[in-house]
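This is the structure I have questions about; it appears just below.
The values are calculated or read from the model by the stated rules, or taken from the named source; none is laboratory data. Everything numeric in this text was worked out from a predicted model, so none of it was measured. As a convention, Cβ positions derive from the backbone with ideal geometry for all residues, glycine included, and neighbour counts pool all protein chains shown. Ligands, DNA and RNA are excluded from the accessible area calculation, which covers all protein heavy atoms including side chains. Shrake-Rupley method; radii C 1.70, N 1.55, O 1.52, S 1.80 Å.
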Amino acid sequence: MTITQFILLGAALFSIGVYGLLTRRNAVLVLLSVEVMLAAVTINLVAFDRHVADQLAGGQVFALFTIAIGAAEVGIGLAIVLLIFRNRRTSNVDDLELLKL
Amino acid sequence: MSFDDWLSTSENWVFLVIALPMLAAAVKLVTTTNVVHAALYLVGTLAASAAMLILLGAEFVGWTVVLISIGAVVVLFLFGIMITRAPMGREVTLSHPRNVKIAAAAVSFALFALIGFAVIDAFSAQPLTEPADATRTGDLGAVLFTRFVIPFEAISVLLLAALIGGIVLARRDPGSGEGGGL
């Protein structure tokens, strides 16, 4: 196993997440794409942890932190989507253009 | 190192067996026209990523992904899909039109090419250290509560804030009947 294959996998997964983020209109699906990008970041952190062979396992610890922050982000994100849906009757991100002139 | 040499290791076969379905599930996730199927493809992607972490020797992180991401986050997504009444069947308005898709594909491919070029340039086929050095869960816990205790506590406060924020945002005001806030 080489470090390159894992980072390329992470890069591919992250790029797929970026594609989903840019093309999706539904707010829940945008959040799903963000979750894919976070999975890519987790793989990258752990692969670099293995590559550096850190005695403190900093990469794995920060991968755990990333997972925790991802869970918090999904909770708040879905609460905001729910609130917007309640007030505007839509979860389409293109309809949220109140700040446009 | 040639591709044949690379394939001669059994670990790399395991890598391919995990990585190819993972990428396929991720591509289906961003292209499917059914919201519930997208959540199920997310389960596949996260399960494969957990398997990849275990292949890298990070068992605890892998099982944490299974418990938190697959167990909790996906259930949260399914609730979100149900509550916002996202169209359950096939729906074409879930994504942007074709010209946006082409631009997005160009952007994401350029990103992948850039990262790939930089990575291959920097780390061309350096083998990873042997799994004998893999971190044991006990060591990870000891490090988490000594060297990284301040970030750990900061994450705890962040989770508490997210919990309270989620309740405040999603709660209906008893008096008004409509959603409060904003």
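Could you tell me how far the Cα centroid of segment A:1-75 sits from the Cα centroid of segment B:35-81, in Å?
Each part's Cα centre sits 12 Å from the other's.
Please report, in Å, the Rg and the Dmax of chain B, where both are computed over Cα atoms only.
Using the Cα atoms of chain B, the pair Rg, Dmax is 21.4, 70 Å.
Okay, moving on. Between B:Val43 and A:Lys100, how high is the FRET efficiency from 1/(1 + (r/R0)^6) when r is the Cβ-Cβ distance and R₀ = 30 Å? Nearest 0.05. Intermediate results must be reported in sequence, preceding the final value.
On the way: r = 36 Å, r/R0 = 1.21.
With R0 = 30 Å, the Cβ-Cβ based efficiency is 0.25.
Which is farthest toward the positive dipole end of the protein assembly as shown among B:Val43, A:Val61, A:Leu13, measuring Cα position about the Cα centre, with Cβ charges +1 (Lys, Arg) and -1 (Asp, Glu)?
The listed residue farthest towards the positive side: B:Val43.
A further question follows. Taking R0 as 30 Å, what FRET efficiency do you get between B:Leu67 and B:Phe109 from their Cβ-Cβ distance, rounded to the nearest 0.05?
Details: r = 34 Å, r/R0 = 1.13.
Using R0 = 30 Å, I get an efficiency of 0.35.
Hey, could you grab the Kirkwood Rh for the protein assembly as shown? Inverse mean 1/r over distinct alpha carbon pairs, Å, one decimal. Intermediate values should be presented prior to the final figure.
Working: mean 1/r = 0.0497 Å⁻¹.
With all distinct Cα pairs of the protein assembly as shown included, I get 20.1 Å.
Run the numbers on segment A:3-88 and let me know its relative contact order in percent, using alpha-carbon pairs under 8 Å that are six or more apart.
Numbers: 68 pairs, mean separation 24.7, N = 86.
It rounds to 29 percent for segment A:3-88.
Within 10 Å of each Cβ of B:73-85, how many other protein chain Cβ atoms are there on average?
Working: counts 11, 3, 0, 7, 8, 1, 2, 13, 6, 0, 7, 12, 3.
Taking the mean over all residues of the peptide, I get 6.
Starting from the 7 Å offset along Cα-to-Cβ, what nm value, one decimal, do you get for the label separation of B:Val14 and B:Phe152?
It is 2.8 nm.
If you don't mind, another one. Let me see the pair-distance distribution of segment A:5-57: every alpha carbon pair, 10 Å bin width, integer percents in order.
Cα pair-distance distribution for segment A:5-57, in percent: 28, 40, 22, 9, 1.
Please identify the helices of chain B, taking whole runs of DSSP H, that span at least 20 Å along their own axis as judged from the Cα atoms and have a mean Kyte-Doolittle score of -0.5 or higher.
Working: long enough: B:10-31 (32 Å, 1.52); B:35-55 (30 Å, 2.02); B:98-122 (36 Å, 1.60); B:149-170 (31 Å, 2.40).
Within chain B the helices that satisfy the rule are B:10-31, B:35-55, B:98-122, B:149-170.
Kindly state, to the nearest 0.05, the FRET efficiency for B:His96 paired with A:Gln55, given R0 = 51 Å and r defined as their beta-carbon distance. Write out the running numbers ahead of the final one.
On the way: r = 47 Å, r/R0 = 0.92.
Using R0 = 51 Å, I get an efficiency of 0.60.
Relative contact order, percent, of chain B when contacts are C-alpha pairs under 8 Å separated by at least 6 residues? Don't jump to the answer; show the numbers that get you there.
Details: 98 pairs, mean separation 30.5, N = 182.
Computed over chain B, the figure is 17 percent.
Which one of A:Ala68, A:Ala27, A:Ala40 has the biggest mean-square fluctuation once chain A is modelled by GNM with Cα springs under 10 Å?
Maximum fluctuation in the GNM of chain A, among the listed residues, is at A:Ala68.
Can you give the net charge of the other residues whose Cβ lies under 11 Å from the Cβ of A:Ile3, counting K and R as +1 and D and E as -1? Let's see the in-between values first.
Numbers: positive: A:Arg50; negative: A:Asp49.
Charge balance near A:Ile3 sits at 0.
A further question on this structure: Just B:Val168, B:Val14, B:Val157 to compare: in a GNM of chain B, with alpha carbon springs under 10 Å, which one fluctuates most?
Largest GNM mean-square fluctuation: B:Val168.
With the dipole of the protein assembly as shown worked out from charges on the C-beta (+1 for Lys and Arg, -1 for Asp and Glu) around the Cα centre, which of B:Val74, A:Ala79, B:Leu160 lies farthest toward the positive end?
The residue sitting most towards the positive pole is A:Ala79.
Of all the Cα-Cα pairs you can form in chain A, what percent are over 22 Å apart?
Details: 2172 of 5050 pairs.
Counting pairs separated by more than 22 Å, the tail of P(r) holds 43 percent.
Additional query: Can you compute the helix-only [θ] at 222 nm over the protein assembly as shown? Use -39500 (n - 2.57) per DSSP H run of at least 4 residues, normalise by all residues, nearest 500 deg cm²/dmol.
Details: 11 runs with 197 residues, N = 283.
After summing the helix terms and dividing by the residues of the protein assembly as shown, the value is -23500 deg cm²/dmol.
Shifting gears a bit: So, with +1 on the Cβ of K and R and -1 on the Cβ of D and E, and no other charges, what is the size of the charge dipole of the protein assembly as shown about its Cα centre, to the nearest 20 debye? Intermediate results must be reported in sequence, preceding the final value.
Details: 16 positive and 19 negative charges, 262 e Å.
With only Lys, Arg, Asp and Glu charged at Cβ, the dipole is about 1260 debye.
Considering the zone a paramagnetic label at B:Arg136 would reach in this model (a point 7 Å from Cα along the Cα-to-Cβ line), which residues of segment B:40-74 have amide N under 17 Å from it?
Output list for this probe position: B:57-61.
A follow-up question, please. Before I look further, what does chain B give for accessible area per residue, probe 1.4 Å, in whole square angstrom?
On the way: 10620 Å² over 182 residues.
Dividing the accessible area of chain B by its residue count gives 58 Å².
Which angle from 0 to 90°, rounded to the nearest 10, does the C-alpha axis of helix A:27-52 make with the longest principal axis of chain A?
10 degrees
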